[in-house]
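Here the structure is laid out as structure tokens; the discussion comes afterwards.
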Amino acid sequence: QQQVKQSPQSLIVQKGGISIINCAYENTAFDYFPWYQQFPGKGPALLIAIRPDVSEKKEGRFTISFNKSAKQFSLHIMDSQPGDSATYFCAASRVTDKLIFGTGTRLQVFP
Amino acid sequence: KAGVTQTPRYLIKTRGQQVTLSCSPISGHRSVSWYQQTPGQGLQFLFEYFSETQRNKGNFPGRFSGRQFSNSRSEMNVSTLELGDSALYLCASSFSSTEQYFGPGTRLTVT
């Protein structure tokens, strides 16, 4: 019940396209859902996060869509750029509890 | 504000030895969490310290331990190193345990 399932494992997108990464969780007590971006040799960087009281949150080209009834949330990267090429992790947690991470998605954006 | 710093950045140890890793959180952050990242297991939670007390613990053997000092700096210790302990060890700090900010990590290689 603690798992967060992430797909796809890898994603190749053309420059200017939309990248979509999906995550599903089981524990309905989770109430915080962040996305992290990690470049090789660096630690994960907090990208955007959402709480279950909203269905969508947008920050620049990055949007989280949240479906509470389906226990799913996704990251959409609009107008994907080569600089977006990185590994993306979704995560989930309860307040003051540990983050449970998905397995990661390696995104490659080609010019 | 300065980000999370971790020292050392790289470390090579021999099986059976012990190692201590250090983490300095963002100023004002009282929570420090440690994660192990490997290609096979992804990001796995080790433990979290808040105000010098261990608040959460992951499913790692007792060889992995940590502590937090009054200035919120944290150390992680691994005793009797095994080859499988080779990983990137990440420290994350937060003000409230939800928005966690990661350091660059310490790459530990056990030979």
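The values are calculated or read from the model by the stated rules, or taken from the named source; none is laboratory data. Here the structure is a predicted model, which is why all the values come from computation and not from measurement. Here the Cβ is made from the backbone with ideal geometry for all residues, glycine too, and neighbour counts use every protein chain on show. When the accessible area is computed, the model is the full protein with side chains, heavy atoms only, and any ligands, DNA or RNA have been set aside. Shrake-Rupley method; radii C 1.70, N 1.55, O 1.52, S 1.80 Å.
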Q: Take the alpha-carbon centre of region B:61-81, take the same for region B:90-109, and report the distance between them in whole Å.
A: 14
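Partner chain Cβ atoms within 10 Å, averaged over the residues of A:94-105 - can you pull that number for me? Mind showing how you got there, number by number?
Numbers: counts 2, 3, 9, 6, 13, 10, 3, 6, 2, 3, 4, 0.
The per-residue average across the peptide is 5.
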Q. Quick one: which bits of region A:43-78 get at least 30 Å² less accessible when the partner protein chains are in, versus the chain alone, with a 1.4 Å probe?
A. A:Gly43, A:Pro44, A:Leu46
Q) Binned at 10 Å from 0, what are the whole-percent values of the Cα-Cα distance distribution for chain B, short to long? A) 16, 51, 28, 4
Q: Please work out the ratio of the alpha-carbon Rg of the protein assembly as shown to 2.2 N^0.38 Å and round it to two decimals.
A: 1.02
Q) Which distance in nm do the two modelled labels at A:Ala70 and B:Arg30 give, with both placed 7 Å along the Cα-to-Cβ direction? A) 4.0
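Using a 1.4 angstrom probe on heavy atoms only, work out the carbon and sulfur share of the accessible area of chain B in %. The partial results should precede the final answer.
On the way: 2530 of 5220 Å².
About 49 percent, which is the carbon plus sulfur part of the accessible surface.
Quick one: divide the alpha-carbon radius of gyration of chain A by 2.2 N^0.38 Å and tell me what you get.
Values: Rg = 13.3 Å, N = 111, 2.2 N^0.38 = 13.2 Å.
Against the empirical 2.2 N^0.38 Å value, I get 1.01 for chain A.
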Q) Using a probe radius of 1.4 Å on protein heavy atoms only, what is the accessible area buried between chains B and A, both sides summed, to the nearest 100 Å²? A) 1400
Q.
Rounded to whole Å, give me the distance from the Cα center of region A:16-32 to that of region B:1-60.
A. 25
**Q.** 27 Å Cα-Cα threshold exceeded, pairs from A:Lys71/B:Lys57; A:Lys15/A:Lys57; A:Lys5/A:Lys58; A:Lys15/A:Lys71; A:Lys5/B:Lys1
**A.** A:Lys15/A:Lys71; A:Lys5/B:Lys1
**Q.** Residues of region B:26-62 buried by at least 30 Å² on assembly (accessible area, 1.4 Å probe, chain alone as reference)
**A.** B:Tyr35, B:Gln37, B:Leu43, B:Phe45, B:Asn56
(Q) Need one word for region A:1-64: rounded, prolate or oblate. Basis is the Cα gyration tensor (sqrt eigenvalues a ≥ b ≥ c); a/c below 1.5 gives rounded, then a/b vs b/c decides. (A) prolate
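Relative to the present Cα-Cα distance, how much length would full extension add between B:Ser22 and B:Phe95 at 0.36 nm per residue of separation?
Details: separation 73, 0.36 × 73 = 26.28 nm, distance 1.87 nm.
Taking B:Ser22 through B:Phe95 to full extension adds about 24.4 nm, to one decimal.
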Q. Considering only protein heavy atoms, what is the solvent-accessible area of A:Ser55 at a probe of 1.4 Å, reported in Å² to the nearest 10?
A. 80
(Q) So with the 1.4 Å probe, I'd like the accessible area per residue for chain A, rounded to whole Å². (A) 49
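Taking region B:1-62 on its own, what percent of its Cα-Cα pair distances exceed 20 Å?
On the way: 723 of 1891 pairs.
The share of Cα pairs beyond 20 Å in region B:1-62 comes to 38 percent.
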